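Worksheet: one structure, shown below.
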Amino acid sequence: MNKLACRYAVVQFMPHADTEEFVNIGVVLACPQTGFFDFQLESRKYKRVTDFFDELSPEMYRAAVRVIRGELQRVQTQLSEQLRDEVVWRTRAFFDRATHAREAMIRFSSPRVVLAESPQNELDRLYRHYVDRNFATREYAETEMAKRLGTLLKSLDLQTPFKPLRIGDDQIHATFPLVQQRGDEILKVIKPLNLNKAEPNAIYDHGDAWIQKVKRLKSRQLLPPESDLLFALAAPPQADVKRWLAYQEIRHELNRLNAITVDEGAQGDITSFAMQ
C-alpha cells in the first residue's frame, strides 16, 4: 500500500510565555492528498498537566482545551464544506490556518511531515507518542518516581540509607528500589507504584501483581513486620470515577496487608516514615 504524506503539529499547553515551559496535550494531522483533517486533545487525564503547573487550577486547563477544541472543530467543519475541488491546496491552507503561531496558553509546534498508510492510524500513533508517551513504560514511570523519592531520602541524611534490594528467596522475590537494611535485617521498604493508568483494568492488573507479591513475601516472613512497608502511589484523577474506584480498591487491599499507602507527592508522610 502506498504511503501518504501527512502534515502534523503537536498541541502544546504553555500558560507562561516568559518561561517557555509547555506540556504536550494533543496532535493535529492533515493529509492534503486525501483531504483528511483531524485532531486529538487531552481533556480527561489532566493531572500531569496541573501537577507540572501546580499554580493553575484544573478548570483553567479545561477551559483552554474547550476553546482550542472549538476552533479546530470549526476549521474541520469549514474544510469539509469547501472540499469540492483543489483538495490538496485547501487542506494544506486549512491546516496552516489551524496551527498558525499565536500568543495564547495553547500553541502548536512547527509543522512536521510523516509518511503513513492510514492518516487516522498515524494520528492515533502520534497522540500515543507525544501525549500518552507510550514509550514511557510503567517501569520507566516508576523509575522516575523512585529517583524523586531517592533524592528526598538522601536529603534527610539518614544513618541507614535507602538502597535498591532484591527481597525474597529462590521461589518468590521482588526488587524494591528503596530499602533500609542493617546487616541482614530489613528495616523499612518503600515502593513507588504507578496506578495512574489509562483504563481501570490496567490499574487492577498492575496493583494486583504487587498485592500478590506482598502476600507471598509476607507469608514467608521475607518482608518487614507491620507498618514498615510503604507504597507511594501515583493516582488517576478523582473526576474519572471508574479509574478512581479501581485505584481506591487497590489502595484498600494494600492497606489490608498492613502496608502504608500515601500519595507520591506526600513528602511529609514519606519523611516521617523514613525517620521513625
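The values are calculated or read from the model by the stated rules, or taken from the named source; none is laboratory data. None of these values were measured; they are calculated from a predicted model. Methodologically, a virtual Cβ is constructed for each residue, glycine included, from the backbone with ideal geometry; neighbour enumeration extends over all protein chains shown. With ligands, DNA and RNA removed, areas are computed over all heavy atoms of the protein, side chains included. Shrake-Rupley method; radii C 1.70, N 1.55, O 1.52, S 1.80 Å.
Would you mind giving the three semi-axes, in whole Å and largest first, of the ellipsoid equivalent to the stretch 211-273 according to its Cα gyration tensor?
Taking √(5λ) for each Cα gyration eigenvalue gives 23, 16, 7 Å.
Could you give me the ³J(HN,Hα) list for the stretch 212-217, computed from phi with Karplus coefficients 6.51, -1.76, 1.60 and θ = phi - 60°, whole Hz, x at Gly and Pro?
So the J values, rounded to whole Hz, are 5, 4, 5, 4, 5, 5.
Sorting check: for 193-206, 155-168, 250-263, which peptide has the highest mean count of neighbouring beta carbons within 10 Å, and how do the rest follow?
193-206, 250-263, 155-168
Report the Stokes-Einstein translational diffusion coefficient (µm² s⁻¹, integer) for the chain, Rh taken as the Kirkwood radius over Cα pairs, at 4 °C with viscosity 1.567 mPa s.
D, rounded to a whole number, is 60 µm²/s.
Per-residue ellipticity at 222 nm for the chain, helices alone: DSSP H runs ≥ 4 residues times -39500 (n - 2.57), over residue total, nearest 500 deg cm²/dmol?
Dividing the helical sum by the residues of the chain leaves -14000 deg cm²/dmol.
Given H placed on each backbone N at 1.01 Å, which residues far from residue 108 in sequence or on other chains put an amide H within less than 5 Å of it?
Here 12, 102 satisfy the definition.
Measure off 7 Å from each Cα along the Cα-to-Cβ vector at residue 258 and residue 81, then give the distance between these two points in nanometres to one decimal.
6.9 nm
Under a 1.4 Å probe, what is the accessible area of the chain per residue, stated in Å²?
54 Å²
5 Å is the cut-off here: which amide hydrogens, built 1.01 Å from N in the peptide plane, fall below it relative to residue 21, excluding neighbours closer than 5 in sequence?
Residues meeting the criterion, in which the H sits 1.01 Å from N, are 16.
If R0 is 41 Å, what FRET efficiency do you get for residue 34 and residue 272 from their C-beta distance, rounded to 0.05?
0.10
Read phi for every residue in the stretch 190-200 and hand back ³J(HN,Hα) as whole Hz from Karplus 6.51 cos²θ - 1.76 cosθ + 1.60, θ = phi - 60°, with x for Gly and Pro.
Running phi through 6.51 cos²θ - 1.76 cosθ + 1.60 with θ = phi - 60° gives 10, 10, x, 9, 8, 9, 8, 9, 6, 10, x Hz.
In sequence order, what are the phi-derived ³J(HN,Hα) couplings for the stretch 230-244 according to the Karplus relation 6.51 cos²θ - 1.76 cosθ + 1.60 with θ = phi - 60°, rounded to whole Hz, with x for glycine and proline?
10, 9, 8, 9, 8, 9, x, x, 4, 5, 8, 4, 5, 5, 5
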